[in-house]
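First up is the structure itself, then whatever we jot down about it.
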Amino acid sequence: MATGDVKVLGAWPSTFVNRVLMALKIKSVEYELIEMNPREKPEILLRNNPVHKKIPVLIHGDKPVCESLVIMQYIDDAWATGTSILPSDPYDRALARFWVAYIDDKWFPLVKVLIETEGEEERTELIQKVSEGLVLLEEAFVSCSEGKDFFGGESIGYLDIVLGSCLGWLRVTQIVLEIELLDRTKIPQLVKWADRFSSDDAVKDVLPKTEKLLELYRKIQAFLKAA
Amino acid sequence: MATSNVKVLGAWPSPFVNRVRMALKVKSVDYELIETNPHEKTELLIKSNPVHKKIPVLFHGDKRICESLIIVQYIDEVWTDGPSILPSDPYDRAIARFWAAYIDDKWFPLFQLLRDAQGEERKAVVEKISGGLLLLEGAFVDCSKGKAFFGGDNVGYLDIALAGCVGWMRASDILLGAKFLDETKTPHLVGWVGKLYSDSSVKDLMPDPHILIELYKKFQAMSEAASE
């Protein structure tokens, strides 16, 4: 199928949308990003993702694919000749999938809630849980990378993209709450990985700048307070 | 690798464990089932799955793999001479993965809510489960393309993902008189369930709902006694 026929329904600040864009970039697939406000459910979104009504949606030709992880694996399968996103070894694939599921099911939901949490005690508890998760991810990095730069080895792969896509909001949370989660003394390898990831050519143009996300966050907060 | 080097840490009533066992059966891989009570976090369980402390865990030689759908995909990718579990076409694979994620993230967790819900809340959960089944009926029509299973002629990834849940769904049906599997609303799914019970890969791994109910009642009685 002509690669000219790829659209992504999304929004630039979205962690999940950015994963899809990074995957397409790695495969050198050109696409059109159709920006939308995920809170307003435009007709094109409802038509292409009737079950969840959420971004991202990848539309390849006339076929919609939904859910960021499903989309990333689809991109890897459909453009099989490009750089691989998932590892080739079945056990390495299983490990990558395991940690990706951990990030999406257990860890990142805590990060998303943290910035909204006001109570001192609750906040402290969440920070503890997020930090413990980061320690697990540090260990995962050491075993998956086998001394190389990325979870995927020499180049960015599935797990890199998924965790990397969370860095933007993680950094915003650090600034807003005045805490340090990416602590060099506790998770040295992961902090170095985060710096390498953010500056890697494969993804740096897709990853939103922390300052832009922070600006957006402040705008939203001001809007909510005024309401 | 010798297939005698394959073990599954699990429990016979678990939908997630049964998915793994179905996948191994499809690939004709022999394995040893190490039965464990998932409610008692044994040392073996904690050592095998330190992050989640849950079954199933697949041991393949010295490797351990956790999370049922991840294990099923691992099995498909390692034992490549057997029949394929995931579809070969990338788009069909995406659709199968989408619906398997829907089952695990949105639909099957409703059964957990059902256990604790009463009155109006229970009615609401029953309606959501039924709504989900209508979606899965539509998915079946799209994926099966007129054949017996989501995977086509043979049991595939999405069949395995949902088949694991059938025992508990039927048990809930009986306990609540809910009639989740209704020929007038989801005729294809009803037909599909019938076929599961005669398919060699899965039929012996579909627990009898009546036995599940007995187990559930025993567990409830124990929990109540423990909390008195």
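For this structure, a couple of remarks:
- Here A:ALA94 clears all of (1) part of a helix (DSSP H, G or I); (2) open to solvent by less than 20 Å² (accessible area, probe 1.4 Å); (3) over 23 Å from A:LEU190 (Cβ atoms); (4) at the interface with chain B (Cβ under 9 Å from one of its Cβ atoms) except the condition numbered (3).
- Look at region A:167-183: where a residue is under 16 Å from A:PHE108 (Cα atoms) and a partner is among the aromatic types (Phe, Trp, Tyr), sitting 6+ places away or on another chain with Cβ atoms under 8 Å, you get A:LEU167/A:PHE197; A:VAL172/A:TYR217.
- The residues of region A:37-49 that are closer than 23 Å to A:ASP104 by Cβ and at pLDDT below 95, listed by number, are A:ASN37, A:PRO38, A:ARG39, A:LYS41.
- Complete set of residues in region B:60-75 that are charged (D, E, K, R) and within 8 Å of chain A (Cβ to nearest Cβ): B:LYS63, B:GLU67
Per-residue answers, yes or no, for (1) of a type in the set (Val, Ile, Thr); (2) touching a helix residue (DSSP H, G or I) at 6+ places or on another chain (Cβ under 9 Å); (3) farther than 19 Å from B:VAL72 by Cα:
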position: B:TYR102; (1), (2), (3): no, yes, no
position: B:GLN118; (1), (2), (3): no, no, yes
position: B:LEU135; (1), (2), (3): no, yes, yes
position: B:ASP142; (1), (2), (3): no, yes, yes
position: B:TYR157; (1), (2), (3): no, yes, no
position: B:LEU181; (1), (2), (3): no, yes, yes
position: B:THR184; (1), (2), (3): yes, no, yes
position: B:LEU189; (1), (2), (3): no, yes, yes
position: B:LYS203; (1), (2), (3): no, yes, no
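- Single condition A:PHE141 does not satisfy, out of (1) within 13 Å of chain B (Cβ to nearest Cβ); (2) open to solvent by less than 40 Å² (accessible area, probe 1.4 Å); (3) touching a residue at least 12 places away in the same chain (Cβ under 8 Å): (1)
- Qualifying residue in region A:54-73 (condition: buried (at least 18 other Cβ atoms within 10 Å of the Cβ) and among the acidic types (Asp, Glu)): yes
- Here A:LEU167 fulfils each of the conditions (1) within 22 Å of A:THR210 (Cα to Cα); (2) surrounded by fewer than 17 Cβ atoms within 10 Å (Cβ to Cβ) apart from (2).
- Residues located in region B:93-121, provided they are in a helix (DSSP H, G or I), within 20 Å of the chain's Cα centre (by Cα) and more than 10 Å from chain A (Cβ to nearest Cβ): B:ILE103, B:TRP107, B:PRO109, B:LEU110, B:PHE111, B:GLN112, B:LEU113, B:LEU114, B:ARG115
- Residue check for A:ASN37: crowded, with 22+ Cβ neighbours inside 10 Å, under 23 Å from A:LEU213 (Cβ atoms) and under 20 Å from the mean Cα position of the chain (by Cα): no
- The residues of region B:64-92 that are in contact with a Leu (Cβ under 9 Å, 6 or more places away or on another chain), open to solvent by 20 Å² or more (accessible area, probe 1.4 Å) and without any contact (Cβ under 8 Å) to a residue 40 or more places away in the chain, listed by number, are B:ARG64, B:GLU77.
- Top-ranked residue in region B:143-157 [being open to solvent by less than 20 Å² (accessible area, probe 1.4 Å) and farther than 16 Å from B:TYR197 by Cα; ranked as nearest to the other protein chains (Cβ to nearest Cβ)]: B:TYR157
- Within region B:122-166, considering residues that are hydroxyl-bearing (Ser, Thr, Tyr) and under 20 Å from B:VAL26 (Cβ atoms), the one nearest to the chain's Cα centre (by Cα): B:TYR157
- Scanning region A:45-71 for residues that are within 10 Å of chain B (Cβ to nearest Cβ) and either outside any loop (DSSP other than H, G, I, E, B) or touching a residue at least 60 places away in the same chain (Cβ under 8 Å) (or both) yields A:LEU58, A:HIS60, A:GLY61, A:LYS63, A:PRO64, A:VAL65, A:CYS66, A:LEU69, A:VAL70, A:ILE71.
- B:LEU24 being of a type outside the set (Lys, Arg), away from chain A (no Cβ under 14 Å) and in contact with a Lys or Arg (Cβ under 7 Å, 6 or more places away or on another chain): no
- Pairing residues of region B:16-45 that are over 19 Å from B:TRP168 (Cα atoms) and of a type in the set (Phe, Trp, Tyr) with residues that are open to solvent by less than 50 Å² (accessible area, probe 1.4 Å) and at pLDDT 95 or above, at Cβ distances under 7 Å and at least 6 apart in sequence or on separate chains, gives B:TYR31/B:VAL6; B:TYR31/B:VAL8; B:TYR31/B:LEU24.
- Residue in region A:201-210 that is closer than 17 Å to A:PHE16 by Cα and in a helix (DSSP H, G or I) present: yes
- Which numbered condition A:TYR102 fails, given (1) open to solvent by 20 Å² or more (accessible area, probe 1.4 Å); (2) of a type outside the set (D, E, K, R); (3) within 14 Å of the chain's Cα centre (by Cα); (4) not assigned by TED's automatic domain parsing to the domain that holds A:CYS166: (4)
- Checked against (1) under 24 Å from B:ARG21 (Cβ atoms); (2) open to solvent by less than 30 Å² (accessible area, probe 1.4 Å); (3) out of contact with any His (no Cβ under 7 Å at 6 or more places or on another chain); (4) at pLDDT 95 or above, B:PHE140 passes all but condition (3).
- Region A:202-227 residues that are within 15 Å of A:GLY10 (Cβ to Cβ), paired with ones that are open to solvent by 60 Å² or more (accessible area, probe 1.4 Å) and among the hydrophobic types (A, V, I, L, M, F, W, C) (beta carbon under 6 Å, 6 or more apart): A:PRO208/A:TRP12
- Residue in region A:16-27 that is more than 12 Å from chain B (Cβ to nearest Cβ) and assigned to a loop (DSSP other than H, G, I, E, B) present: yes
The values are calculated or read from the model by the stated rules, or taken from the named source; none is laboratory data. Nothing here was measured: the structure is a model prediction, and the numbers come from that model. Ideal geometry is used to build each Cβ from the backbone, glycine not excepted, and the neighbour counts take in all protein chains shown. Only protein heavy atoms, including side chains, enter the accessible area calculation; ligands, DNA and RNA are left aside. Shrake-Rupley method; radii C 1.70, N 1.55, O 1.52, S 1.80 Å.
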